[in-house]
Amino acid sequence: MADRFFDNVMPDFTRETDTETQGDSLTKLLAMPYSSLSQQFKRSALDLKETIVMETWGFSGQNVKDFTLYSGTLGAALLLFKVHQMSKNANDLALCLQIVKACDAASRSSRDVTFICGRAGVCALGAAAAKVAGEAELLSYYLTQFRQIELPRDLPDELLYGRAGYLWACLFLNKHIGEETVPSATISEVVGEVIKGGRTMAKKGSSPLMYEWYGDKYWGAAHGLAGIMNVLMDVPLKPDEAEDVKGTLKYLIKNRFPCGNYAASEEDRRRDVLVHWCHGAPGIALTLTKAAKVFGDGDFLKAAADAAEVVWNRGLLKRVGICHGISGNAYVFLSLYRATSNTEYLYRAKAFACFLLDRAHELLSEGEMHGGDSPYSLFEGIGGMAYLFLDMVEPSQARFPGYEL
């Protein structure tokens, strides 16, 4: 199992200091005053952005083969959108819109409807960027395109390819464009389908809600309970629906491994192996942290903290991305830092990010760390690392892309 992650030998806490620190380069980064360290994160993120844009856009002749946010060109557009939010550089926003335009053309025949892996992500990001750019006609175009998306009857309910992922795109639009951009009636209709499907699947089990993806009842963020509950907690729910969401999360906690980690699925409850956003403690910790706020229940925060311990001990993965890599696992600590203001969590996020800042390029070049099948992408590759570095500049505002609003 240890071949999945690096041993975490970083100290549990390092005090920041202006004086010269003894030790290796990582030790020195951990002791660096945050004001100086954040500028290093920013410079590295901007350098990575240039590389990512060149590799995914500049060298391709703007020929988009994979339009998705997950592994494709739209991830570069979201990164540019985030850079613009920080720098206000008009060139970044213009290039973002140019890339979205190409992704729009490439996605028109797609039947996938979600934010992370479907056409909804293209239209939603296009609309948000068009609004910021003050391009009213383009904004209207992307909103019209979004409203023309049809949900297939056989659509699953999970986040990457299902109703939850479409709902998240609706919520993204309402956040960036304005309330009722996607009408509450539309959202309620989709929520009703998600709840109905979950109750039907749960009839033979002890969880109030249950879902299936390709024959397996997953628990994690990408395809399972945690991801679906995460989105449902961002929409208005009827009292009985809210109780079902709460009860489903209690079911996960009750059936976790003693160490605080979670199985990938109902069918895989004996294997304590994965510590990823997609499967295991990291993605579920993000959902539990939100649940603590939504339901005002300290048990959820305690379970999230237990999961964070798993991430600290076993989450320094030999992968770089945010789906199943160090970059994504750092968001567990950022989320708990926002929820608790406990600087220990900020330190742990900083430690994971510093590990990447100091060692990722060398480990990738030596083959000691996996760069992902799509090495410049947002969810698998260094795009996620760049996104994390930008969030480390203002950690109180950090949000896991495509998961935290």
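The values are calculated or read from the model by the stated rules, or taken from the named source; none is laboratory data. Computed from a predicted structure; not experimentally measured. In this analysis, Cβ positions are derived from the backbone assuming ideal geometry, glycine residues included, and neighbour counts consider all displayed protein chains. These area figures cover heavy atoms from the full protein model, side chains too; ligands, DNA and RNA do not enter into them. Shrake-Rupley method; radii C 1.70, N 1.55, O 1.52, S 1.80 Å.
Close amide H partners of residue 319, meaning residues 5 or more places away or on another chain with modelled amide H under 5 Å apart, are 326, 370. Between 122, 132, 191, the Gaussian network model of the chain with springs among Cα atoms under 10 angstrom shows the greatest mean-square fluctuation at 132.
Averaged over its residues, the stretch 163-207 has an accessible area of 48 Å² per residue, based on protein heavy atoms and a 1.4 Å probe. Of the peptides 259-269, 3-13, the order by per-residue mean of other Cβ atoms within 10 Å, starting with the highest, comes out as 259-269, 3-13.
Ordering of 353-365, 155-167 by packing is 155-167, 353-365, highest average first (other Cβ atoms within 10 Å, averaged per residue).
For the stretch 399-404, putting each phi into the Karplus relation 6.51 cos²θ - 1.76 cosθ + 1.60 with θ = phi - 60° gives couplings of 9, 5, x, x, 9, 9 Hz, in residue order, rounded to whole numbers and with x for Gly and Pro.
Within straight-line reach of residue 28, meaning a Cα separation under 14 Å, sit the following aspartates and glutamates at least 8 residues removed in sequence or on another chain: 16, 18, 20, 358.
Extending 7 Å from the Cα toward the beta-carbon at both residue 365 and residue 313 defines two label points whose distance is 3.5 nm. Under 5 Å from the amide H of residue 213 lie the amide H atoms of 218, each residue being 5 or more positions distant or on a separate chain, with H modelled from the backbone and absent for Pro and chain starts. Selection among 229, 253, 242 by position relative to the dipole of the stretch 219-270 gives 253 as farthest towards the positive end (Cβ unit charges, Cα centre). Here the simple spin-label model places points 7 Å from the Cα toward Cβ, and for residue 341 and residue 62 these points are separated by 4.9 nm.
Per residue, the chain reaches -18000 deg cm²/dmol at 222 nm when only DSSP H runs of four or more residues are counted, each adding -39500 (n - 2.57). Take the residue pairs 175/290; 175/196; 217/250; 246/290; 217/254; 65/131 and return only those whose Cα atoms are more than 20 Å apart. Listed pairs above 20 Å: 175/196; 65/131. With Rg and Dmax of the Cα atoms in Å as the read-out, I listed (1) 20.4, 63; (2) 21.1, 59; (3) 25.2, 86; which label goes with the value calculated from this structure? Matching entry in (1) 20.4, 63; (2) 21.1, 59; (3) 25.2, 86: (1). Think of each Lys and Arg Cβ as +1 and each Asp and Glu Cβ as -1; about the Cα centre, that makes the dipole of the chain roughly 560 debye.
Look at the dipole of the stretch 350-405 built from charges on Cβ: of 374, 405, 353, the Cα furthest out on the positive end belongs to 405.
Based on Cα contacts under 8 Å between residues 6+ apart, the stretch 4-73 shows a relative contact order of 17 percent.
Note on residue 16 and residue 180: the model spin-label points, each 7 Å out from Cα along the C-beta direction, lie 4.4 nm apart. Compute the label zone of residue 27 within the stretch 341-360: residues whose backbone N is under 18 Å from the point 7 Å along Cα-to-Cβ. In the stretch 341-360, the label zone of residue 27 (backbone N under 18 Å from the point 7 Å along Cα→Cβ) covers 351-352, 354-356, 358-359.
Considering only 188, 25, 374, the Gaussian network model of the chain with Cα springs below 10 Å gives its largest mean-square fluctuation to 25. Phi angles of the stretch 349-359 translate, via the Karplus equation with coefficients 6.51, -1.76, 1.60 and θ = phi - 60°, into HN-Hα couplings of 4, 4, 5, 5, 5, 5, 4, 5, 4, 7, 10 Hz per residue; Gly and Pro are given as x. Computed from backbone phi with θ = phi - 60° and the Karplus coefficients 6.51, -1.76 and 1.60, the 3J(HN,Hα) list for the stretch 168-174 is 4, 5, 4, 5, 4, 4, 5 Hz; x is used for glycine and proline.
Which whole number in µm²/s is D for the stretch 16-63 by Stokes-Einstein, with the Kirkwood Rh taken over Cα pairs at 4 °C and 1.567 mPa s? Roughly 101 µm²/s, to the nearest whole number.
Test of the criteria: in the stretch 193-262, which trypsin sites (Lys or Arg not before Pro) are in a DSSP loop and have at most 12 other Cβ atoms within 10 angstrom of their Cβ?
Values: sites: 196, 199, 203, 204, 217, 246, 250, 254, 256; in loops: 203, 204, 217, 256.
Taking the stretch 193-262 and a limit of 12 other Cβ atoms within 10 Å, the loop trypsin sites (Lys or Arg not before Pro) found are 203, 204.
Distances between placed amide hydrogens fall under 5 Å for residue 265 paired with 219, all partners being 5 or more residues away or on another chain.
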